[in-house]
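*Asks:* Take a look at the following structure, please.
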Amino acid sequence: MNLNSFLPFKQNIALLLFAILPVASDFQGSSPEQPAREIKLGAYYFDGWTGKYAQHISPKLMNSFSNRKPKWGWITSSQKVVDQQILAASGAGLSFFSFCWYYSGKDKYKSEPLNNALKFFQQSAYTGKMEYCLMVANHKGFEIGKEDWSAVQAEWVRQFKTANYLKVDGKPLLIFFSVASLVKNFGSADSVKSVFQSLRTAAIANGSGGVTIAACIAGDQRSISEAEDCGFDILTGYNEHSAGFGQRKTTQIPIDSMQTAENRLWNRVVKVSHLKYIPVSTLNWDPRPWAAPNNAYDTAPYFVGYSEKSVYKSVLGMMNWAGRNGDRMTKERIGLLYAWNENGEGAYLTPSENGPNFLRGLQKALNN
């Protein structure tokens, strides 16, 4: 998810790096350090593929990165394609999508194109094959403040009643992209905690049993403490590509660097915080197709080596970490992948028209 060519803001996450833990190195088997364990795996879903925002399906993406083109074409936000995506994702072993959800104003969010795929998912004849939850994309351009809370709260509580809405600890899971945005717009961590209590009360009143609220954090002490002060129940992330870059000065970074760095990050979070954790594996980061004057993506670092094999290693690395740290995860042992369809940023599992079959790597890891 990146609206950099539309919006000047993108949350850039600076991550602390700590002691290295091994990840799987053999495409045919699990790490000798620890056998893989069962995990309930989902993926973030970004619906920037409606054709309504021209900067997403950019000329550079279509012409220079045509290998990323989904087999259904660049515009995938339709009932037919979402149906097929559900079948492809569930068939490969994904249990749920976490939809990036955008609030574009009290009277506008219901028709916001970025939320179209969620509607198609809910209307699909195959929706019962997967669960879903919302990841509130409350970054610049879609921030949520005091005057918005009653409207968004009512919509979220309505969503919680959907039969296949994902639950954690018996309550619907709601993820927030930016903790800092909430604190800024509500004035303090205590004010955020107060509106969270309002949301919990409303969710109990409608029969959902409450809500489990998760924060995307950077992994450093400051971001973790801020999330704890706001009253979040769970810690997680969105994409953590900065951790994989480390102190490297080169532009092209091997994807293996991300796989080892995210293990360091996960270990750091569970060491520092008492909250349960949903680890996120960043499958790739290469946003060159979305390069613009305000983001410098044409000269910024990116990963190389994204492949069916690297997907296998990323997923198996998370499964092995879960085997060692299951007591720090949710009881459902939930993990997340970045991402199902961040094609513009190079992190995608969608079957390509001419590219690799990343879903095969996912399926092999889950069936290992």
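The values are calculated or read from the model by the stated rules, or taken from the named source; none is laboratory data. What you see is a predicted model; the values in this text were computed from it and never measured. Every residue, glycine among them, receives a Cβ derived from its backbone with ideal geometry; neighbour counts consider all protein chains shown.
Here is a yes/no grid of residues against (1) small (G, A, S); (2) over 21 Å from C216 (Cβ atoms):
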| residue | (1), (2) |
| --- | --- |
| N263 | no, no |
| H274 | no, no |
| W285 | no, no |
| K309 | no, yes |
| A322 | yes, no |
| L337 | no, no |
| W340 | no, no |
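*Asks:* A further question on this structure: Please go through segment 298-320 and give me each residue that is among the hydroxyl-bearing types (S, T, Y) and either within 14 Å of I253 (Cβ to Cβ) or not in a loop (DSSP other than H, G, I, E, B) (or both), ordered by number.
*Replies:* Answer for segment 298-320, where residues must be among the hydroxyl-bearing types (S, T, Y) and either within 14 Å of I253 (Cβ to Cβ) or not in a loop (DSSP other than H, G, I, E, B) (or both): T299, Y302, Y306, S310, Y312, S314.
*Asks:* Next up: Would you mind finding the one in T282, T299 that is β-branched (V, I, T) and modelled with pLDDT under 95?
*Replies:* Being β-branched (V, I, T) and modelled with pLDDT under 95 holds for just one of T282, T299, which is T299.
*Asks:* Taking the criterion of being aromatic (F, W, Y), farther than 21 Å from V157 by Cβ and buried (at least 18 other Cβ atoms within 10 Å of the Cβ), would at least one residue in segment 228-248 satisfy it?
*Replies:* Taking every residue of segment 228-248 in turn, at least one turns out to be aromatic (F, W, Y), farther than 21 Å from V157 by Cβ and buried (at least 18 other Cβ atoms within 10 Å of the Cβ).
*Asks:* Return the pair list, or none, for Cβ contacts closer than 6 Å from residues in segment 45-73 that are charged (D, E, K, R) to residues that are part of a loop (DSSP other than H, G, I, E, B) and at pLDDT 95 or above, at least 6 apart or on different chains.
*Replies:* That search, which allows pairs on different chains as well, returns D47/S77; K71/P351.
*Asks:* A follow-up question, please. Among (1) out of contact with any Cys (no Cβ under 6 Å at 6 or more places or on another chain); (2) over 23 Å from A163 (Cα atoms), which single condition is S208 missing?
*Replies:* All conditions pass for S208, except number (2).
*Asks:* If you don't mind, another one. Among the numbered conditions (1) crowded, with 16+ Cβ neighbours inside 10 Å; (2) farther than 20 Å from Y126 by Cβ; (3) out of contact with any helix residue (DSSP H, G or I) (no Cβ under 6 Å at 6 or more places or on another chain), tell me where D83 comes up short.
*Replies:* Against the list (1) crowded, with 16+ Cβ neighbours inside 10 Å; (2) farther than 20 Å from Y126 by Cβ; (3) out of contact with any helix residue (DSSP H, G or I) (no Cβ under 6 Å at 6 or more places or on another chain), D83 comes up short only on (2).
*Asks:* Which of the residues belonging to segment 314-335 are surrounded by fewer than 23 Cβ atoms within 10 Å (Cβ to Cβ) and under 19 Å from the mean Cα position of the chain (by Cα)?
*Replies:* Of everything in segment 314-335, those that are surrounded by fewer than 23 Cβ atoms within 10 Å (Cβ to Cβ) and under 19 Å from the mean Cα position of the chain (by Cα) turn out to be M329, T330, E332, R333.
*Asks:* Oh, and also: Hey, can you tell me all the residues within segment 219-264 that are part of a helix (DSSP H, G or I), of a type in the set (S, T, N, Q) and under 20 Å from the mean Cα position of the chain (by Cα)?
*Replies:* Within segment 219-264, S223, S242, S257, Q259, T260, N263 qualify.
*Asks:* Count, please, the residues in segment 132-144 that happen to be surrounded by fewer than 19 Cβ atoms within 10 Å (Cβ to Cβ) and in contact with a Lys or Arg (Cβ under 9 Å, 6 or more places away or on another chain).
*Replies:* Residues meeting the conditions: 2.
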